[in-house]
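Readers should treat all values here as calculations from the given coordinates under stated rules, not as data from a laboratory. No experiment lies behind these values; they were computed from the predicted model shown. As a convention, Cβ positions derive from the backbone with ideal geometry for all residues, glycine included, and neighbour counts pool all protein chains shown.
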Amino acid sequence: MPKYIAPLKDIEFITYDVLGYKEHYEKYPSYEDASPDMVEAILAECAKYCENELLPLNQVGDKEGCKFDNGTVTTPTGFKEAYQQYVDGGWQALAHPTTYGGQGLPQSLGLMKSELIGTANWSFGMYPGLSHGAMNTLLEHGSEEQKQTYLTKLTEGTWTGTMCLTEAQCGTDLGQIRTKAEPNEDGSFNITGSKIFISAGEHDLTENIVHIVLARLPNAPEGTRGISLFIVPKIQVNEDGSLGDSNNVVCGSIEDKMGIKASATAVLNFDNAKGYLIGKENKGLSYMFTFMNTARLGTALQGVCASELSYQNSLEYAKERLSMRSLSGVKAPDKVADPIIVHPDVRRLLLTQKAFAEGGRAMAYYVAKLVDDTEQSTDEELKAKADGRLGFLTPILKAFLTEVGLESASNGMQVFGGHGYIKEWGMEQTYRDARISTLYEGTTGIQALDLLGRKVLLNRAKEMNSFAKEILVFCKDHSVVSGDDQKMRMHKFVWPLAKVVAQWQQYTIRLMLKGKKDRDMVGSASTDYLMYSGYITMAYFWAMQAQAANEKLTLGEGDKDFYKGKVKTAEFYFERILPRTKALAKTMMEDPKSLMQMSEEMF
């Protein structure tokens with residue numbers, strides 16, 4: 001069975017030593033309870049729950065999967081009990097407003113909690129995870145009556161939520177949605193249509209499920225301009241808050257998937273189900289982006305989870321597995337062979353996993369601070385800046401972190417060799433579970449188009465240059481000054497980083513100019529540009545970690561091996577992974593002719 005120990009030491013290092021979370025929480029009065037001691041205690045308890053309750057169910061859930069019988073879905077053995085523990089522990093309410101029963105702690109702390117849960121058991125984490133998106137959507141766009149009726153129950157976890165976008169004839173192109181909403185005299189609407197790929201769409205964990213549904217009103221404009229958003233509960237809710245009759249929402253089937261088998265992915269059929277309009281008519285897609293952005297950041301976290309879980313298990317295996325002798329001389333003379341961790345190529349696999357796990361965590365927690373700022377700041381300028389930065393970085397994190405997370409899972413299997421292909425060890429499950437992360441909530445290609453097309457070209461690279469400036473200021477502040485040993489240690493990071501960031505800006509300008517002349521240039525360059533941007537962004541956060549670790553080493557504080565390991569992993573990233581940007585720079589700048597010149601018949 002796979003093992004998992006919550007990386008609390010690394011989380012503490014990144015949050016406090018690298019990203020300044022103590023000062024971040026202190027600037028918001030509503031976060032006064034999020035002291036370092038409180039955060040440490042919360043994460044320690046969450047770690048116990050994840051390690052002792054959720055991890056043992058991970059392979060159980062994969063083996064059993066969800067069971068479907070005539071519209072009813074049964075989750076795997078132990079899931080219902082684990083979910084009740086989750087509710088009893090108040091975990092769903094952790095980072096939601098006290099007004100609706102939450103604990104009022106930071107959203108960023110909720111993301112840390114989600115990482116621990118997702119690494120221990122991603123399928124389980126899908127059920128409360130989808131609820132967070134529904135809750136944020138209602139909080140942002142719902143009426144007060146809707147919040148009192150639905151948000152309170154979602155916050156306590158006795159109900160869960162979903163988002164219902166996709167239909168059989170349309171995935172990303174939501175302008176093709178056919179689900180209808182017919183108005184009733186009482187102000188409600190009858191919702192009729194079918195939705196597919198609905199994560200946590202049907203299950204036995206809670207007494208009710210609140211579906212957030214995109215549908216069209218009669219005579220609505222064509223395309224995305226004519227989409228409205230509705231609350232459609234599985235069970236109707238009476239005026240006193242009690243549950244009433246079934247609401248004609250029927251699960252037609254669940255998907256037989258490659259991975260995350262314990263998460264029910266449902267086909268939902270709405271047959272004159274009673275729904276309630278959220279906000280204004282025909283504004284549904286803009287409202288749904290609140291849900292989608294929450295989900296995209298959650299999905300980005302799945303890449304970190306896959307990297308962490310695969311790294312922890314392949315590291316332990318590499319230390320114990322004996323095979324061959326080191327090329328540079330025997331390392332374990334008392335054993336029949338050396339442990340495989342002595343071999344350079346095994347170390348390449350392990351260090352790549354470690355770099356992606358810890359670099360990705362820093363990226364995700366940086367973005368989590370931006371989420372806090374957009375929600376808590378009363379400084380409109382700061383709030384707007386955080387929102388703009390968040391919009392720019394979201395597609396990078398969603399696509400890049402899931403792609404490298406999948407690479408980490410593959411590397412984990414490779415460390416195990418043939419055993420990695422066997423279910424017993426759990427490595428192939430991590431790969432299968434991680435594979436969906438590059439697909440749902442917008443494929444890598446869709447995120448790439450969003451980044452280059454909307455966030456860079458339409459924005460005239462404003463947010464990209466703002467972020468680049470932040471990185472260059474960091475490089476300047478930590479560049480070499482005569483006689484400063486600590487800054488001398490940073491020379492190997494800040495100069496390569498400054499150089500590649502300057503190139504990033506130059507290539508962006510060139511792509512903007514080429515894109516004006518040939519729109520296919522945007523599509524042909526987009527994925528390579530996104531991955532290029534991701535490697536540079538992660539380099540920034542590895543430089544930050546190296547800086548914080550060097551500072552600790554200079555002061556002689558803490559675990560020296562931990563901090564030395566940080567610096568050496570940063571060196572590995574800069575020497576062995578960041579150079580990938582050179583090939584991406586070449587391919588993303590190539591003319592799209594070689595992609596577009598063949599007729600369909602030539603394929």
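By the gyration tensor of its Cα atoms, with a ≥ b ≥ c the square roots of the eigenvalues, what is the shape of segment 183-228: rounded for a/c under 1.5, prolate for a/b over b/c, or oblate? Display every interim value, and only then the final one.
Numbers: a/c = 3.36, a/b = 1.62, b/c = 2.08.
Oblate shape, in that a/c is at least 1.5 and b/c is the bigger or equal ratio.
Restriction of the GluC sites (Glu not before Pro) in segment 237-316 to DSSP coil positions whose beta-carbon has at most 10 other beta-carbons within 10 angstrom yields Glu239. Evaluated with a Cβ-only charge set (Lys, Arg +1; Asp, Glu -1), the chain carries a dipole of roughly 2540 debye about its Cα centre, given to the nearest 20.
Expressed as a rounded percentage, what relative contact order does the chain have, with Cα pairs under 8 Å and six or more residues apart?
Details: 1045 pairs, mean separation 72.2, N = 603.
Value for the chain: 12 percent.
Could you work out [θ]222 nm for the chain from helices alone, using -39500 (n - 2.57) per DSSP H run of at least four and dividing by all its residues? Round to the nearest 500 deg cm²/dmol. Calculated at 222 nm, the ellipticity per residue is -17500 deg cm²/dmol.
For segment 460-596, averaging the sequence separation of C-alpha pairs within contact (under 8 Å, six or more residues apart) and dividing by the residue count gives a relative contact order of 27 percent. With Cα atoms defining each centre, segment 380-396 and segment 13-31 are spaced 18 Å apart in the structure. Helix 79-88 and the longest principal axis of the C-alpha atoms of the chain enclose an angle of approximately 90°. For Arg325, the residues whose modelled amide H falls within less than 5 Å of its own, excluding neighbours fewer than 5 places apart on the same chain, are Asp338. Using the alpha-carbon positions of segment 1-151, Rg (one decimal) and Dmax (whole number) come out as 16.9, 54 Å.
If a/c stays under 1.5 just call it rounded; otherwise compare a/b with b/c (prolate if a/b is bigger, oblate if not). Do that for segment 175-254, with a ≥ b ≥ c from the square roots of the Cα gyration tensor eigenvalues. Verdict is oblate for segment 175-254. When you filter the GluC sites (Glu not before Pro) in segment 120-192 for DSSP loop state and at most 15 other Cβ atoms inside 10 Å of their Cβ, you are left with Glu185. Just need log10 I(q)/I(0) for segment 299-349 at q = 0.18, 0.32 Å⁻¹, Debye formula, equal scatterers on the alpha-carbon atoms, no solvent, rounded to two decimals. Relative scattering, expressed as log10 I(q)/I(0), comes to -0.60, -1.16. Assuming charge only on the beta carbon of Lys and Arg (+1) and of Asp and Glu (-1), the dipole of segment 9-121 about its Cα centre is about 340 debye to the nearest 20.
Using the Kirkwood formula on the Cα atoms of the chain, what hydrodynamic radius do you get, in angstrom to one decimal? All intermediate terms of the calculation are to be shown ahead of the outcome.
Numbers: mean 1/r = 0.0395 Å⁻¹.
Averaging 1/r across every pair of different Cα atoms and inverting gives 25.3 Å.
Distant-in-sequence amide contacts of Gly161, defined by a placed amide H-H separation under 5 Å and a gap of 5 or more residues or a different chain, comprise Ser131, Val210. Annotation: segment 460-596 has a Kirkwood hydrodynamic radius of 16.2 angstrom, from the mean reciprocal C-alpha pair distance.
Report, in listed order, any pair from Lys331/Lys560; Lys462/Lys564; Lys261/Lys354; Lys63/Lys331; Lys257/Lys354 with a Cα-Cα distance greater than 30 Å. Please report the intermediate quantities before stating the final value.
Details: Lys331/Lys560 24 Å; Lys462/Lys564 37 Å; Lys261/Lys354 26 Å; Lys63/Lys331 39 Å; Lys257/Lys354 28 Å.
Table pairs above 30 Å Cα-Cα are Lys462/Lys564; Lys63/Lys331.
Remark on segment 416-482: ratio of C-alpha radius of gyration to 2.2 N^0.38 Å is 1.87.
Counting other Cβ atoms within 10 Å, which trypsin sites (Lys or Arg not before Pro) in segment 510-575 have at most 15 and lie in a DSSP loop?
Working: sites: Arg510, Lys514, Lys516, Lys517, Arg519, Lys552, Lys560, Lys564, Lys566, Lys568; in loops: Arg519.
Within segment 510-575, the qualifying trypsin sites (Lys or Arg not before Pro) (loop, at most 15 other Cβ atoms within 10 Å) are Arg519.
By the count of other C-beta atoms within 10 Å, a proxy for reagent exposure, Ser35, Ser263 are ordered fewest to most as Ser35, Ser263. Most tightly packed first, judged by the mean number of other beta-carbon atoms within 10 Å of their residues, the peptides 522-530, 397-405, 244-252 read 397-405, 522-530, 244-252.
I'd like the distance between the alpha-carbon centres of segment 402-437 and segment 150-220, rounded to an integer number of Å. If you average the Cα positions of each part, the centres end up 34 Å apart.
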